[in-house]
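> To start, I am sharing the structure in question, which I have written as structure tokens.
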Amino acid sequence: MQEVKTDHPFKEQRSHPDTARILGHIVDCNGSRATIASTTGSRDQALAAELSVGKLITIKVGKSRIVALVYSMQCPSELWSETSGNTMHFQVELVGEIRDDEGDVVFSAGISDYPRLGDPAHNIRAEDLDAIYSVTGVNPIKIGHLSQNADIAASISADALLNRHFAIVGTTGVGKSTAVSLIVNRVVEACPDLRVLILDPHNEFAAAFKEKAHLIDTEHLDLPFWLFRLEEFAEVIFRGRQTVVEEIDALRELIAEAKRDFRGASDSARVYRRADQSVITSDTPIPYRMADLLALIDERIGQLDRREEKPFLRSLKVRIQSAINDPRFRFMFSSNTIMDNISDILRDIFRIPGDGRPITSFQLSGIPSEVVNAVASVLCRLAFEIALWSNGAMRILVLCEEAHRYVPADKELGFYPTRQAVARIAKEGRKYGVGLGVVTQRPGELDPTILSQCSTVFAMRLANDHDQEIIRSAISNSSSSTTSFLSSIGNGEAIAFGEAVPVPMRMCFERLRRHDLPRTSSNNRKKFRGSRSSDGLPDIDFIVQQMRHTEMPMSTTGMSPEMKASLQPELDSLRPFGLADEMDDEEQTLPPSMPAEAGEKAERPRTNSVRDFTFRSLKRRD
């Protein structure tokens, strides 16, 4: 005890060079928090302006300095005097410890010597702040500056960010997309071998990445139907509704058989053994022809011993034909010739080689909402499989904007294969070099399993109490007070915590130039490429054409001439079954719809629908 008193720094404070920076002294301390009391004189009111909630201070303890975060301030008297002294109490949370090691300032998160009553608290030095938030290791990147001191850079570890996954959360309008653009640009610069796959539901990242990104929209999207696994293809043809077990069972067998037919037809000189044929399943990424699948369905319908299956097979065929005829699904069925071009597709999606564009942005706003989940499932699954089968040689980052759409907290919502694909990346991706980035404005609606796998979180302003509680539960107890600022931090500001930062850090993201900001195409009226009316506004006829996803009039069968031409090879293959001829007859004989009388609602003849045509065709065959 005698030695402690001798070395007590409080007795040396009058001669200590930091005396001028003293804020107060410790009057209460437990294992993780402390209270600092300070009394100002009539000529020392400026002391009150030195501190504010959210700032870091230091507490002198022997040869080290304890770093503490101010999270609460009180005036015990509940009165403030402008002319006489005031007593103030500051509640702080102990963060870590700084030591001077042979001229170098070294910070550690642990505390070896706790403050004692009477120990002085000081304003933190700039060099101490720099030591606390400096990032050691490979690929440190600067993304902004500290909120407390704009001269101190806010840096993160790119490797820790990618290897352990990350999340950016915040309410709408706080700058999440800007933060994503900044972080991705800096990470790509630091890791040139990285490939980034962005699921962009709002088409807003085209402006942010420009020459670095390969943009894929609905006009250029080539994701053939045979790349979809059974569950993913079923999501498309059932339009997100409950599937029918009998139809799925039949589809599982028939797709596998159609793939075996394609494999055999592609190399007729080779004779495949039955054992080799059985390896091909409905999920094997091998092409098949839709005409073969429809022909196999017709063949089963015509078998006498399958009468109980006929209603399900007919319904299945209607669903498939409806998807083929839907202009919104052109990205799946538009190819005139089916070929095994999976290598070309993967090279295009994952930028191999990159040619200076390591980022692929999938603009999903033009894809039907009931199919977006299936497309997201295919892309996430392919990203993981490429990394898996390359033994980790491919380094990929999958970034999910509005992630709560794909992996919602409610297990009854969403699409299970999408949830499974994203969860597999979150749980196993680190082993194979696949990183996951999730961006959401409602962390409470995101699957907690996914969020728990994100070892770095950038928490921007959150107004919802439940969302704030989700973030609090993800932060260790020693830094939980940091989240008390979540409802009041400014736009472009965030609290970063996790593997990529040494300690929880309140920071401001670097401001981007105006032309580098992410924005949707709707924000730029000058880029409208359609026809305009006499007063310069977009022509309503052009808008209607875009709403209908076609620039050509639809035929009586529900297909545009362009779509029918693209499907002609499949239609020709169906002529032996009589379906193609009936389709041609229907188009010639069906009368055009009559104009509606005044006040009456125009009604299209029932015979014009694909569903009615298909049922009548099947009925004739029976």
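> Working only within region 316-337, note down all residues that are assigned to a helix (DSSP H, G or I) and either more than 13 Å from E247 (Cβ to Cβ) or of a type in the set (G, A, S) (or both).
From region 316-337, those assigned to a helix (DSSP H, G or I) are 316-325, 327-333; that's our starting set.
Result: Q321, S322, A323, I324, N325, P327, R328, F329, R330, F331, M332, F333.
> Would you confirm whether any residue within region 499-508 is within 23 Å of the chain's Cα centre (by Cα), surrounded by fewer than 21 Cβ atoms within 10 Å (Cβ to Cβ) and at pLDDT 90 or above?
Scanning region 499-508, I find at least one residue that is within 23 Å of the chain's Cα centre (by Cα), surrounded by fewer than 21 Cβ atoms within 10 Å (Cβ to Cβ) and at pLDDT 90 or above, so the answer is yes.
> Test S484 against the stated conditions and say whether it is modelled with pLDDT under 70 and within 30 Å of S108 (Cβ to Cβ).
Working: modelled with pLDDT under 70: no; within 30 Å of S108 (Cβ to Cβ): yes.
So S484 fails the test.
> Let me ask another. Scan region 364-387 and report the pairs whose first residue is aromatic (F, W, Y) and whose second residue is not in a loop (DSSP other than H, G, I, E, B), with Cβ atoms within less than 8 Å and a gap of 6+ or a chain change.
Cβ pairs passing all conditions: F384/A421; F384/R424; F384/I425; F384/E428; F384/G429; F384/Y432; F384/V434.
> Of (1) of a type in the set (D, E); (2) touching a residue at least 40 places away in the same chain (Cβ under 8 Å); (3) surrounded by fewer than 20 Cβ atoms within 10 Å (Cβ to Cβ), E93 satisfies all except one. Which?
Failing condition for E93: (3).
> Give me the residue from region 282-292 that is in a helix (DSSP H, G or I) and touching a Ser or Thr at 6+ places or on another chain (Cβ under 8 Å) and, out of that set, farthest from L221 (Cα to Cα).
Per the stated criteria, the residue is D292.
> For E401, which of the numbered conditions (1) acidic (D, E); (2) closer than 21 Å to R442 by Cα; (3) surrounded by fewer than 18 Cβ atoms within 10 Å (Cβ to Cβ) fails to hold?
Unmet condition: (3).
> Which residue pairs have Cβ atoms closer than 7 Å, lie 6 or more positions apart in sequence or on different chains, and pair a first residue in region 232-251 that is of a type in the set (A, V, I, L, M, F, W, C) with a second residue that is part of a loop (DSSP other than H, G, I, E, B)?
Hits for this filter: A234/T243; V236/F228.
> List the helices (runs of 4 or more DSSP H) that sit entirely inside region 104-198 and contain at least 1 residues that are in contact (Cβ under 8 Å) with a residue 40 or more places away in the chain and farther than 30 Å from G62 by Cα.
158-163, 176-190
> Criterion first (farther than 28 Å from P417 by Cα and at pLDDT 90 or above) does V188 satisfy it?
Here the answer is yes, as V188 does meet what is asked.
> Might you let me know whether region 322-329 holds any residue that is in contact with a Lys or Arg (Cβ under 8 Å, 6 or more places away or on another chain), surrounded by fewer than 21 Cβ atoms within 10 Å (Cβ to Cβ) and either at negative phi or β-branched (V, I, T) (or both)?
yes
> Right, another one. Filter region 66-121 down to the residues that are within 41 Å of the chain's Cα centre (by Cα) and hydroxyl-bearing (S, T, Y) and list them by number.
Result: Y71, S72, S108, S112.
> Being part of a helix (DSSP H, G or I) and either in contact with an Asp or Glu (Cβ under 7 Å, 6 or more places away or on another chain) or crowded, with 20+ Cβ neighbours inside 10 Å (or both) is the filter here, so list the residues in region 207-226 that pass it.
Hits for region 207-226 are A208, F209, F225, W226.
> Would you mind stating whether S488 is surrounded by fewer than 18 Cβ atoms within 10 Å (Cβ to Cβ) and outside any helix (DSSP H, G or I)?
yes
> Within region 402-442, can you find the residues that are part of a strand (DSSP E or B) and at pLDDT 90 or above? First the steps, then the outcome.
Here is the first cut: in region 402-442, the residues part of a strand (DSSP E or B) are 408, 434-440.
Residues satisfying the conditions are V434, G435, L436, G437, V438, V439, T440.
> Go through region 338-397 and count every residue that is of a type in the set (A, V, I, L, M, F, W, C) and in a loop (DSSP other than H, G, I, E, B).
Initial filter on region 338-397 (of a type in the set (A, V, I, L, M, F, W, C)): 338-339, 342, 345-346, 349-350, 352, 359, 362, 364, 367, 371-372, 374-376, 378-380, 382-384, 386-389, 393-394, 396-397.
Still in the list and also in a loop (DSSP other than H, G, I, E, B): 338-339, 350, 352, 364, 367, 393-394.
The number of residues fulfilling the criteria is 8.
> Taking L69 as the residue in question, decide whether it is surrounded by 12 or more Cβ atoms within 10 Å (Cβ to Cβ) and either among the hydrophobic types (A, V, I, L, M, F, W, C) or without any contact (Cβ under 8 Å) to a residue 60 or more places away in the chain (or both).
The answer is yes for L69.
> Continuing with the same structure: When T87 is evaluated against the numbered criteria (1) touching a Pro at 6+ places or on another chain (Cβ under 7 Å); (2) modelled with pLDDT of 85 or more, which criterion, by number, is the only one it fails?
Going through (1) touching a Pro at 6+ places or on another chain (Cβ under 7 Å); (2) modelled with pLDDT of 85 or more one by one, T87 breaks only (2).
> I'm trying to understand the selection: among the residues of region 445-466, which are assigned to a loop (DSSP other than H, G, I, E, B), in contact with a strand residue (DSSP E or B) (Cβ under 6 Å, 6 or more places away or on another chain) and not hydrophobic (A, V, I, L, M, F, W, C)?
S455
> Would you confirm whether any residue within region 293-315 is outside any helix (DSSP H, G or I) and surrounded by fewer than 17 Cβ atoms within 10 Å (Cβ to Cβ)?
yes
> Take the residues in region 65-91 that are of a type in the set (S, T, Y) and assigned to a loop (DSSP other than H, G, I, E, B), then tell me which one is nearest to S484 (Cα to Cα).
For region 65-91, the residue satisfying everything is S77.
> Applying the selection to region 120-142, what residues are in contact with a helix residue (DSSP H, G or I) (Cβ under 6 Å, 6 or more places away or on another chain) and at pLDDT 85 or above?
H122, N123, I141
> For region 39-61, state whether one or more residues are modelled with pLDDT under 60 and under 16 Å from L129 (Cβ atoms).
No, region 39-61 contains no residue that is modelled with pLDDT under 60 and under 16 Å from L129 (Cβ atoms).
> So which residues in region 210-241 are more than 14 Å from N373 (Cβ to Cβ) and at pLDDT below 85?
As a first pass, look at region 210-241 and keep what is more than 14 Å from N373 (Cβ to Cβ): 210-222, 224-227, 230.
Passing the criteria: K210, E211, D217, T218, E219, H220, L221, D222.
> Among the acidic types (D, E) and either at negative phi or not assigned by TED's automatic domain parsing to the domain that holds A421 (or both): is that true of D355 in this structure?
no
The values are calculated or read from the model by the stated rules, or taken from the named source; none is laboratory data. Since we're looking at a predicted model, the values are computed, not measured. When we count neighbours, we look across all protein chains shown, and the Cβ atoms used for this are built from the backbone with ideal geometry, even at glycine.
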